[in-house]
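Following this message is one structure expressed as structure tokens.
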Amino acid sequence: MERINTISMKKQIYFFVTIVMVVVMFGCSNSNDSEIVDPELDSISLTVGINTYKVITDKNEHTAIIGGIERGSEITAVSYVLSKGATISPDPKTLIGQWKKEEQFTITSPNGENIVYTVILSQFTEDTQDVENGVVIAYMPGSDWEFDAKFKDIKWEYLTHVNVSFLYVTEDGELLDYKVKDNLEEIRNTAHKNNVKVLISLISSHNEGFAEAIKNEQTRSKLVDNVIKYVRDNQLDGFDIDYEIYDRRGPDLLAFAKELNKKKDKEMLQTCAVVRFGLDTYTIEWQNYFDLINVMNYSYTGGWGKEGQHSPYDKTVQAMEGWMSELETPASKLVFGLPFFGFSWDDEVPGLDKVRAIRFHQIVSYYSDENVINNDQIGRTYYNGHPTIRKKCIYAKEKGMAGVMIWQIFQDSFEEEYSLLNVIGEVYFPEE
């Protein structure tokens, strides 16, 4: 009986030891599996007022570039996501109210490995020199039959920026400036004399040229270098991306914008013209790389669609709100696009192009009706008259948007009393 108990006890001890070993081995195995080789800062968000700026970090460069914030003192909240088990020092939350242009943080894994991340505020400035009343940006063709007739009469006091159009992008990353080179120097010198900034606007040389140039790293980098060189050589204030290849927006375009932002001179402005549809293709990261985002808030219809108003107030307001809500773009970066043109389904109207577009000065000239400026439609011709242009400007100001954009300045009325630019000037630069 005693022998049986001894054997039984040995079995119990053996069973207990076995269980302990299994637990220890399992625990060690789990411990090894949870070791973090590369501690990471996955994302970081900074809040200014009601706007939150979130960015996914670059794991290769160990950086996070956040746009839209000009003063570190404006930051009211910080949140971040670390890889499992990692810690961060100093805690970004302790820097609220004293954030600088660049802040460095050490991310430490449970096994003691460190990686330093740099968070950069791309729009940070110690002394912000904002345009008091907002920006008024005019696209200006570098060569056009109207250039000689209208350039000398531009009311520069109602403009803050001109985007000279266009510098054409080829599929091999080269730039063609035949449309702008003859008048670019005169535009720059005259604008600068009037304290107006000058940007060069990029567009595709043909249907796929721009898209082809940015789809691989080599030609994309070549294009970036060419753009920066062109701005430097011509003493311009920046560049504007008018990428209108709608079915090929995506990672390539974002990579191009990001590389431009990284390589450009600090003082160079980086802006873009964007559409109001398919916003998800831009992603919420888009706004991080641009100073101003010009929403092309027109051409809702034309020769390709049903007859009707191409830039109605309600739809254009919805588009601006979509950029703010869906893409989390701060109002202070958004520019409300205004049309200086219309569309007509009246075949008797002279000057219609192949999509039935007509310039505002042609509308005024053809109809010769003083009431044309007080309406958005006359006959079967649709446009934005004075009241709607004014209403859109007031909306942009009340919402704290950066300002308004014009496509394009030479399409305005030749007659002073009909001018759409004068209406914009009354809102943004009222006489004291």
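The values are calculated or read from the model by the stated rules, or taken from the named source; none is laboratory data. Here the structure is a predicted model, which means the values were calculated and not measured. FYI the Cβ positions are ideal-geometry reconstructions off the backbone, even for glycines, and counts take in every protein chain you see.
Say whether the condition of being assigned to a strand (DSSP E or B), at pLDDT 95 or above and out of contact with any Pro (no Cβ under 7 Å at 6 or more places or on another chain) is met by at least one residue in region 382-403.
Yes; the residues of region 382-403 include at least one that is assigned to a strand (DSSP E or B), at pLDDT 95 or above and out of contact with any Pro (no Cβ under 7 Å at 6 or more places or on another chain).
Looking at region 241-256, which of the residues that are assigned to a helix (DSSP H, G or I) and of a type in the set (D, E, K, R) is modelled with the highest pLDDT? Write out each step before concluding.
Taking region 241-256 and keeping what is assigned to a helix (DSSP H, G or I), we get 246-248, 251-256.
Next, only the ones that are of a type in the set (D, E, K, R) stay: 247-248, 252.
Details: Asp247: 73, Arg248: 81, Asp252: 92.
Filtering first and then ranking leaves Asp252.
Conditions: (1) at pLDDT below 95; (2) buried (at least 17 other Cβ atoms within 10 Å of the Cβ); (3) within 21 Å of Lys229 (Cβ to Cβ). Lys181 meets all but one. Number of the miss?
(2)
Quick one: which of Ile96, Ile88, Ile107 is surrounded by 18 or more Cβ atoms within 10 Å (Cβ to Cβ), among the hydrophobic types (A, V, I, L, M, F, W, C) and farther than 18 Å from Pro330 by Cβ?
Checking each option against the conditions leaves just Ile107.
May I pose another question? Looking at Lys262, Lys306 in this structure, which one is outside the structural domain of Ile65 (by TED's automatic domain parsing), at pLDDT below 95, basic (Lys, Arg) and loosely packed, with under 15 Cβ neighbours inside 10 Å?
The match here is Lys306.
Here's something else I'd like to know. Among the residues of region 140-170, how many are among the charged types (D, E, K, R) and either closer than 19 Å to Lys229 by Cβ or not in a loop (DSSP other than H, G, I, E, B) (or both)?
5
Please enumerate the residues belonging to region 320-353 that are aliphatic (A, V, I, L, M) and modelled with pLDDT under 95.
If the condition is that a residue be aliphatic (A, V, I, L, M) and modelled with pLDDT under 95, then Met324, Leu327, Ala331, Val349, Leu352 are the ones that fit.
Does Ile406 satisfy the criteria of being within 22 Å of Val198 (Cα to Cα), touching a Leu at 6+ places or on another chain (Cβ under 6 Å) and not hydroxyl-bearing (Ser, Thr, Tyr)?
Working: within 22 Å of Val198 (Cα to Cα): yes; touching a Leu at 6+ places or on another chain (Cβ under 6 Å): yes; not hydroxyl-bearing (Ser, Thr, Tyr): yes.
So Ile406 fits the description; yes.
Identify all residues within region 378-404 that are in contact (Cβ under 8 Å) with a residue 60 or more places away in the chain, under 18 Å from Tyr418 (Cβ atoms) and among the basic types (Lys, Arg); write none if there are none.
Within region 378-404, Lys391, Lys392 meet the criteria.
Among the residues of region 348-361, which ones are farther than 26 Å from Leu334 by Cα, surrounded by fewer than 22 Cβ atoms within 10 Å (Cβ to Cβ) and not charged (D, E, K, R)?
Val349, Pro350, Gly351, Leu352, Val355
Suppose we filter region 366-377 for residues that are free of Cβ contacts under 8 Å to residues at least 60 places away in the same chain and either surrounded by 20 or more Cβ atoms within 10 Å (Cβ to Cβ) or in contact with a Pro (Cβ under 9 Å, 6 or more places away or on another chain) (or both); how many remain?
Of the residues in that region, 5 qualify.
State the number of residues belonging to region 273-291 that are within 20 Å of Phe340 (Cβ to Cβ) and crowded, with 22+ Cβ neighbours inside 10 Å. Please lay out each step first, then the result.
Our first condition is that a residue be within 20 Å of Phe340 (Cβ to Cβ); within region 273-291, this holds for 273-276.
Narrowing further to those that are crowded, with 22+ Cβ neighbours inside 10 Å: 273-274.
The number of residues fulfilling the criteria is 2.
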